[in-house]
Amino acid sequence: MKSKETFNFRIILIMLLLCAASGVSAADSLSCDVQRRCTFDDGHRLRAVDIVVPAALVGVSALYIENGWMVRQKRAVRYALLPKDRRKMHADDYVQYSPVVAVYGLNLAGVRGRHSFKDRTIMLAMSYATMGIIVNTMKLAISERRPDVSTRNSFPSGHTATAFMGAQFLYEEYKSVSPLIAWSGFVVAPLTAYLRVYNDRHWINDVVAGACIGIVSTKLAYRLYPLLFRKSSCRRSTALAALPYYDGRSVGVSMNMTF
């Protein structure tokens, strides 16, 4: 009987030593927890197509600056969208911000989005910074003349980039809450793009490029945020628990994984 108890004790001791040797902490209850491993939720994933397609559209839009046939096409679009009795409208100066305002307004009204105030505000700032750097760098480098010949910073459209950046921001925050709310930003953002052409401030290729840059800027910010801020709530952890057992006849390990 004494030899059997000694054997049982040795089995349990060996299992505890195995847990410790594999980097697992052992508790008095014989439970062993591995270190938690952090991953990202689905809202922070970025696929290659999310970058390649918009980049390709921006590249094609840039061809409309110098290519003879394409220049004629964008001028034809301009003439089609400019009525003779046109009066300039300044709504685009304000509508561009409406998707972003909607996110914070909905949260104040009790319709909570995907992230906390702190997380979404930092991601919004990152989106603005990314969009601003890309847009202004391209404006200075390309120097396309505006259709009203006022300045040479037409390509790409900053107003349109801001509007679509906000639309993507609204989508990311509410796609898991309400599809209707999530997609509403993409109804308002094209209005900004249209008004920029209508007001003779941009060509059609300018607003197409601006829309792509705005969307990509937000996607990049949502992907980079959990990488840069490792303590943010955007990261989720995975833990593995192991419980060794011995019933007198057999030895085994019971495992449980939590997310």
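Read-outs: derived from the displayed coordinates by stated rules, not from any lab. The structure displayed is predicted, hence computed values, not measured ones. Neighbour counts are summed over all protein chains in view; Cβ atoms, including those assigned to glycine, are modelled from backbone coordinates with ideal geometry.
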Extension length gain for PHE229 and ASP85 (0.36 nm per residue less Cα distance), in nm, is 46.6 nm
For the table LYS74/LYS139; LYS88/LYS175; LYS118/LYS175; LYS84/LYS139, the rows whose alpha-carbon distance is greater than 26 Å are LYS88/LYS175; LYS84/LYS139
For 67-78, 193-204, ranked highest to lowest by mean beta-carbon neighbours within 10 Å, the order is 193-204, 67-78
About its Cα centre, the range 43-228 carries a charge dipole, from +1 on Lys and Arg Cβ atoms and -1 on Asp and Glu Cβ atoms, whose size in debye to the nearest 20 is 180
Row for the range 43-228, column shape: gyration tensor on C-alpha, a ≥ b ≥ c, rounded if a/c < 1.5 i.e. under 1.5, prolate if a/b over b/c, else oblate; value prolate
Taking every other residue with Cβ under 12 Å from the Cβ of VAL71 and scoring Lys and Arg +1, Asp and Glu -1, one gets +3
On the formula 1/(1 + (r/R0)^6), with r taken between the Cβ atoms of ARG112 and LEU191 and R0 of 35 Å, the FRET efficiency rounded to 0.05 is 0.85
Expressed in angstrom and rounded, the centroid-to-centroid distance over alpha carbons for the range 70-100 and the range 112-135 is 27
Expected sort for 165-178, 53-66 on mean C-beta neighbours within 10 Å, highest first, is 165-178, 53-66
The size of the Cβ-based charge dipole (Lys, Arg +1; Asp, Glu -1) of the range 64-158 about the Cα centre, to the nearest 20 debye, is 240
So ALA129 and VAL101, fully extended at 0.36 nm per residue minus their Cα-Cα distance, gain in nm 8.3 nm
If the chain between ARG47 and TYR94 were fully extended at 0.36 nm per residue, the gain over the current Cα-Cα distance would be 13.7 nm
